[in-house]
Amino acid sequence: MVRVDPASVAFFGLAAVTLGSASVAALARDATRAAVALVPTLAGVAGLYVMLASPLLAAAQVVLFVGGASLTAIAAAALLARRAESPPTSRRRAALATVTLGLALAIVAGRTSWPLRASAAPPASGVFARAVLAEHGIALMLAGLVLGTAVACAFAIVCRQDEPESP
Amino acid sequence: VKPGLEHFLVVAALLFVAGVFCALTRRGVSGFLIGSTLVLSAAGLNLAAFDRFGATSHGFGAQVLALVALVAATGQGMVAFALGLQLRGREAAPGADEHGLD
């Protein structure tokens with residue numbers, strides 16, 4: 001009897017959702033459709049973070065990317081969509097370049113013998129929380145500051161009124 | 001097959017490629033936004049995978065770096081969107097030039 005590992009099923013399912021919707025986002029001719037396809041991609045990446053025992057990253061991915069950035073991208077695509085794509089020749093060149101790049105990256109990732117950790121057990125979440133708050137509190141504060149500054153800058157740019165030119 | 005480091009790296013590589021293709025083939029703000037989001041997600045996935053499986057990782061530094069990159073990506077998305085709206089408004093004004101928005 002064949003034993004199916006639930007972790008493998010979850011990984012391959014999440015990878016299929018992530019890569020399938022990412023390819024729709026990359027190949028769609030309509031910018032709004034591409035932005036909508038971004039949502040399952042980012043949700044799939046959040047699921048992969050959970051599989052990698054990174055609950056904080058998964059939560060941030062859902063809140064910031066799936067909830068915020070993807071909505072921004074959809075709004076940007078819907079409001080700013082006009083000339084959606086490059087000419088076919090440049091599209092073919094880009095496809096050739098990116099397929100070559102992807103093959104090279106996949107071969108390097110798959111064939112390199114990376115130094116792996118001896119114990120494969122994930123750390124307890126309490127250890128993670130204590131380590132993050134104790135050792136990386138400043139980095140988290142800086143990240144919050146960057147986000148707050150970006151929000152303020154975005155508001156300032158949108159609300160900026162051009163002064164009329166003097167004759 | 002139990003998923004290991006190589007599996008996550010291959011998924012991240014393909015995600016990165018999709019992002020590069022999107023950024024190369026679409027003109028303007030929205031293509032850059034979507035492509036850069038995919039590329040940064042791939043980077044975050046790589047960082048989390050090395051933090052989980054890598055021999056040299058300790059102290060969750062890679063996860064925190066991925067979190068900072070995620071926040072920076074969200075910030076740049078918002079600012080790019082705002083700039084796009086501002087340029088769109090200028091372009092809509094009578095007599096304005098082309099700005100190459102998407």
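Every read-out reported here was derived from the displayed coordinates using simple, explicitly stated rules and does not represent laboratory data. The model shown is predicted, which means the values in this text are computed figures rather than measured ones. Cβ: placed from backbone, ideal geometry, glycine included. Neighbour counts: every protein chain shown.
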(request) Please label the shape of the stretch B:1-74 as rounded, prolate or oblate, based on the square roots a ≥ b ≥ c of the eigenvalues of the alpha-carbon gyration tensor (a/c under 1.5 means rounded; beyond that, a/b larger than b/c means prolate, else oblate). (result) oblate
(request) Sort B:C22, A:C159 so the one with the fewest other Cβ atoms within 10 Å of its own Cβ comes first. (result) A:C159, B:C22
(request) Could you pull out every residue, at least 5 positions away or on a different chain, whose amide H is within less than 5 Å of the one on A:L116? Hs are placed 1.01 Å off N in the peptide plane, and Pro or chain starts have none. (result) B:A55
(message) Please list, ordered by chain and number, the residues whose modelled amide H lies under 5 Å from the amide H of B:R27; skip anything fewer than 5 residues away on the same chain.
(response) A:E85, A:S86
(message) Run the numbers for A:T112 and A:S8: contour at 0.36 nm per residue of separation, minus the present Cα-Cα distance, in nm.
(response) 35.3 nm
